[in-house]
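The values are calculated or read from the model by the stated rules, or taken from the named source; none is laboratory data. If you're wondering where the values come from, they're calculated on a predicted model, not measured in any experiment. Positions of Cβ are generated from backbone atoms using ideal geometry, with glycine treated the same way; all protein chains shown enter the neighbour counts.
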Amino acid sequence: MIRKSIFAVVLSALLFIQCNTNTDFVIAKDQVGKLMKSNTLDDINTVFANDSIVRDTAITRIGTAVKKINIYEKGGKHLLTLTPNMDSIPKIEIIRIYDPRYVTEKGVGLNSTFKDIKDKHSIKKIITALNNVVIFLKDSDAYFTIAKTELPSNLQYGNNTDIEAVQIPDKAKIKYMMVGWE
């Protein structure tokens, strides 16, 4: 009888662990996988200890250093690019997602379509740029870019046109997925 109880406890623990191990790729409020909004630049080496961290520094025309931090899996797959803010205690301000395993809590990621975005999230606003439209969400720090080439031809040219959600085809593919922390 004791063996059955121990077996049941061990089995339950294993199932619980297996069900909760994929949080490394979930985008939630103030979190992108293992990275938290509260993490500083000094925390990056600890947070991504099992990954490769490549720091890139470039000097802009006005003389300020822009440092991007690329995170790669040990096998070389590009996971994220982190852009820090310029505060006295530098934290991550913008995260570009490269790995399609990263998805919002509602399951939307790089392999999703516009239909997935609008069915699973509330759209806050859509901004029209020269070659893209950017979709901001009400319920997430994530935002998505869709190329204008995914839109009907009458909406592809010019940046003066305000594009609404009903004008974006359901099958439009996501070009970029990013997270912005202010």
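Tabulated results
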| quantity | calculated |
| --- | --- |
| Residue match in the stretch 112-134 (condition: acidic (Asp, Glu), under 18 Å from Gln31 (Cα atoms) and surrounded by fewer than 16 Cβ atoms within 10 Å (Cβ to Cβ)) | no |
| Strands (runs of 3 or more DSSP E) (entirely within the stretch 82-174) containing at least 1 residues that are closer than 30 Å to Asp43 by Cα | 92-97, 132-137, 142-147 |
| Residues of the stretch 151-174 that turn out to be acidic (Asp, Glu), within 24 Å of the chain's Cα centre (by Cα) and modelled with pLDDT under 95, as a count | 1 |
| Flag for Leu130 being under 17 Å from Tyr176 (Cβ atoms), at pLDDT below 95 and among the aliphatic types (A, V, I, L, M) | yes |
| Glu73 being acidic (Asp, Glu) and over 21 Å from Phe144 (Cβ atoms) | yes |
| Residue satisfying all of: in the stretch 29-65; in a strand (DSSP E or B), over 29 Å from Asp139 (Cα atoms) and among the hydroxyl-bearing types (Ser, Thr, Tyr); modelled with the lowest pLDDT among these | Thr57 |
| Condition met for Asp141 (buried (at least 17 other Cβ atoms within 10 Å of the Cβ), acidic (Asp, Glu) and either touching a Pro at 6+ places or on another chain (Cβ under 8 Å) or closer than 16 Å to Lys173 by Cα (or both)) | no |
| Cβ pairs under 8 Å, 6+ apart, first in the stretch 16-43 and of a type in the set (Phe, Trp, Tyr), second modelled with pLDDT of 90 or more | Phe25/Gly33; Phe25/Asp99; Phe25/Arg101; Phe25/Tyr102; Phe25/Val103 |
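Residue-wise test of (1) modelled with pLDDT of 95 or more; (2) surrounded by 13 or more Cβ atoms within 10 Å (Cβ to Cβ).
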position	(1), (2)
Lys67	no, yes
Gly75	no, no
Thr83	no, yes
Ser88	no, no
Ile92	no, yes
Asp99	yes, yes
Tyr102	yes, yes
